[in-house]
Amino acid sequence: MTTATALRQQQTEFDAGKAQAFAGKLLGALNNSALILMTSIGHRSGLFDALAGVSPCTAVELAAEADLAERYVREWLAVMTTSGVVDYDPKRGTYLLPAEHAAFLTRAGAPNNIAVSAQMVGVASAVEDEILARFKDGKGLHYHHYGRFHEVMGEHSAQAVAMNLIPHILPLVEGSIGLLQKGIDVIDVGCGAGDALLLLAQQFPKSRFTGIDLCDDAFEVAAETAVRKGLTNLVFKEQDVSTVRSLGAFDLVLAFDAVHDQKDPQAMLTTVRHSLREGGVFLMADIDGSSKLENNISHPLGAYLYMMSTMHCTPVSLAQGGAGLGTMWGVELASEMLGRAGFGKVAMTRLPQNPFDAYFVARP
């Protein structure tokens, strides 16, 4: 038997053990997907917060605490119990959410509340039919197709960005806190819900802040809040970054998870470069992954991030006639594109407070 013939025979042999292991993996994924959906329900309904406050408790007691229908609460608790999230005492008929689990499932656990991100699976699955059609025609989808996307992304950003901004993220730019206290001009490109800017405007009244986004409904609530609080140093604008060479003159430009799904990310980075005053700095956070698929195989969130790329980030860019870089454009390509935009000094850092992102401090 030749080597080639032996190789073909090996390739056609059916490995029953391998098949069973793969089936088990898929069944586990099916179970885990059910947990994620119910985790989103538990977050949105306030069940996790209520359970953390009254456990151990019965289903009737939890339903009363959360002001929800007991029959549905009981089924939800069954999912949480069979998933190992909640401890069940069959003799007493009570449920307990361990403190170690509550730390990652309740609003009190922010910025570590993973239940916030669990909502994204529901947001993405809501456009399954539209995405299937896009597989055939190669076109994209617009933000308005995504229902609660701005709301969920805003809640995620409030945890990942706003809560870490002053103690962890801004210090990556040496001296930035002192400059903000004295008074500088700052713009957040792709500001989304605007929570970070609301925080900065209140914390640093001598500095001036601008938030821009492609969709004004993203920052509508923040703009109203700024007016209500009398924050005269903060303005929001709806703007397509791809249509301008410069956004003005700023000492600090921010972009949090906003570059990769733009119509023209390279042009956006060049626009940011043209918008910096002498001595200005660009602080960019974007998804922490590699530009090479083989380097992401062991990424702890690889499948989730590629799913979000397929269901949201890629189609949103393509709908604008854009490059469709995708969520996992990677730190290698990001660094390369920053260089092409005219940033000669780029430093990348990772922070344990937000495992989703890599942070780039870029200077001309």
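Bear in mind these aren't lab numbers, they're just calculated from the coordinates by the rules spelled out. Owing to the predicted nature of the structure, the values given are computational and were not obtained by experimental measurement. Please note: Cβ atoms are built from the backbone with ideal geometry, for glycine as well, and neighbour counts cover all protein chains shown.
Using all alpha carbons of the stretch 12-115, what is the percent of pairwise distances in each 5 Å bin, ordered from the shortest bin to the longest?
For the stretch 12-115, the binned pair fractions read 2, 13, 21, 22, 15, 8, 6, 5, 4, 2, 1, 0 percent.
Taking the Cβ-Cβ separation of Ser125 and Gln181 as r and a Förster radius of 41 Å, what is the calculated FRET efficiency to the nearest 0.05?
Values: r = 45 Å, r/R0 = 1.09.
Calculated value: 0.35.
Pop a pseudo-label 7 angstrom from the Cα along the beta-carbon direction at both Lys345 and Ile114 and give the gap in nm to one decimal.
So the label points at Lys345 and Ile114 sit 3.9 nm apart.
At what distance in nm do the modelled label points of Leu132 and His168 sit from each other, each positioned 7 Å from its Cα along Cα→Cβ?
Between Leu132 and His168, the simple spin-label model gives 3.9 nm.
Listing Met337, Met284, Met153 from the residue with the fewest other Cβ atoms within 10 Å to the one with the most, what is the order? If you can, show how the numbers build up before the last one.
Details: Met337 18, Met284 25, Met153 21.
Fewest-to-most ranking of Met337, Met284, Met153: Met337, Met153, Met284.
Relative contact order for the chain: what is it in percent, counting Cα pairs under 8 Å that are at least 6 residues apart?
Across the chain, relative contact order equals 12 percent.
Take the chain, connect every pair of alpha-carbon atoms lying under 10 Å apart with a spring to form a Gaussian network, then pick out the residue of Leu68, Leu30, Leu252 with the largest mean-square fluctuation.
Looking only at Leu68, Leu30, Leu252, the largest GNM fluctuation is found for Leu30.
Quick one: Lys206, Lys237, Lys91, fewest Cβ neighbours within 10 Å first, how do they rank? Mind dumping the intermediate values first?
On the way: Lys206 11, Lys237 14, Lys91 5.
So the ranking, lowest neighbour count to highest, is Lys91, Lys206, Lys237.
Multiply the residue gap between Glu294 and Ala19 by 0.36 nm, knock off their C-alpha separation, and tell me the result in nm, one decimal place.
Numbers: separation 275, 0.36 × 275 = 99.00 nm, distance 2.30 nm.
So the extension gain works out to 96.7 nm.
Return the single residue from Gly192, Gly321, Gly140 with maximal mean-square fluctuation; model: Gaussian network over the chain, springs between Cα atoms under 10 Å.
Residue with maximal mean-square fluctuation among Gly192, Gly321, Gly140: Gly321.
Run lengths n ≥ 4 of DSSP H only: what is the helix-derived mean residue ellipticity at 222 nm for the chain, with -39500 (n - 2.57) per run over all residues, to the nearest 500? Numbers along the way, then the final one.
Working: 16 runs with 162 residues, N = 364.
Calculated at 222 nm, the ellipticity per residue is -13000 deg cm²/dmol.
Using a simple spin-label model with points 7 Å from Cα along the Cα→Cβ vector, what separation in nm is obtained for Asn32 and Lys139?
3.5
How big is the Kirkwood radius of the stretch 121-363, worked out from every pair of different alpha carbons and given in Å to one decimal? Don't skip to the end; give the middle numbers.
On the way: mean 1/r = 0.0549 Å⁻¹.
Value: 18.2 Å, from the Cα pair sum.
Indicate, rounded to the nearest 5 percent, the antiparallel portion of the DSSP beta bridges found entirely in the chain. Mind dumping the intermediate values first?
Working: 16 of 35 bridges.
For the chain, the DSSP antiparallel bridge percentage is about 45.
As an exercise, find the ratio Rg/Rh for the stretch 222-267 from alpha-carbon atoms, using the Kirkwood inverse-distance average for Rh.
On the way: Rg = 13.3 Å, Rh = 13.0 Å.
In the stretch 222-267, Rg relative to Rh is 1.02.
Ordered by packing density, taken as the mean number of other Cβ atoms within 10 Å over each peptide's residues, highest first, how do 46-52, 295-301, 142-148, 263-269 rank? Walk me through the numbers before you get to the answer.
Values: 46-52: 23.3, 295-301: 12.7, 142-148: 14.9, 263-269: 20.9.
The peptides rank, most packed first, as 46-52, 263-269, 142-148, 295-301.
Please name whichever of Phe343, Ala226, Ala19 sits farthest to the positive end of the charge dipole of the chain, dipole taken about the Cα centre and charges placed at Cβ: Lys and Arg +1, Asp and Glu -1.
Farthest towards the positive end: Phe343.
Among rounded, prolate and oblate, which fits the stretch 72-212 when a ≥ b ≥ c are the square roots of the eigenvalues of its C-alpha gyration tensor, a/c under 1.5 means rounded, and a/b larger than b/c means prolate? Let's see the in-between values first.
Working: a/c = 3.54, a/b = 1.38, b/c = 2.56.
Because a/c hits 1.5 or more and a/b fails to exceed b/c, the stretch 72-212 counts as oblate.
Beta carbons within 10 angstrom, averaged per residue: use that to sort the peptides 171-183, 350-362, highest first.
Values: 171-183: 14.4, 350-362: 17.3.
Per-residue mean Cβ counts within 10 Å order the peptides as 350-362, 171-183.
From the Cα gyration tensor of the stretch 161-273, with a ≥ b ≥ c the square roots of its eigenvalues, which class applies: rounded if a/c is under 1.5, or else prolate if a/b is larger than b/c, or else oblate?
Judged from the Cα gyration tensor, the stretch 161-273 comes out oblate (a/c at least 1.5, b/c at or above a/b).
If R0 is 35 Å, what FRET efficiency do you get for Gln203 and Ser242 from their C-beta distance, rounded to 0.05? Spell out each step's value before the answer.
Values: r = 31 Å, r/R0 = 0.89.
It comes to 0.65.
Quick one: Thr314, Thr327, Thr94, fewest Cβ neighbours within 10 Å first, how do they rank? Walk me through the numbers on the way to the answer.
Values: Thr314 26, Thr327 22, Thr94 17.
Taking fewest neighbouring Cβ atoms as first place, the list is Thr94, Thr327, Thr314.
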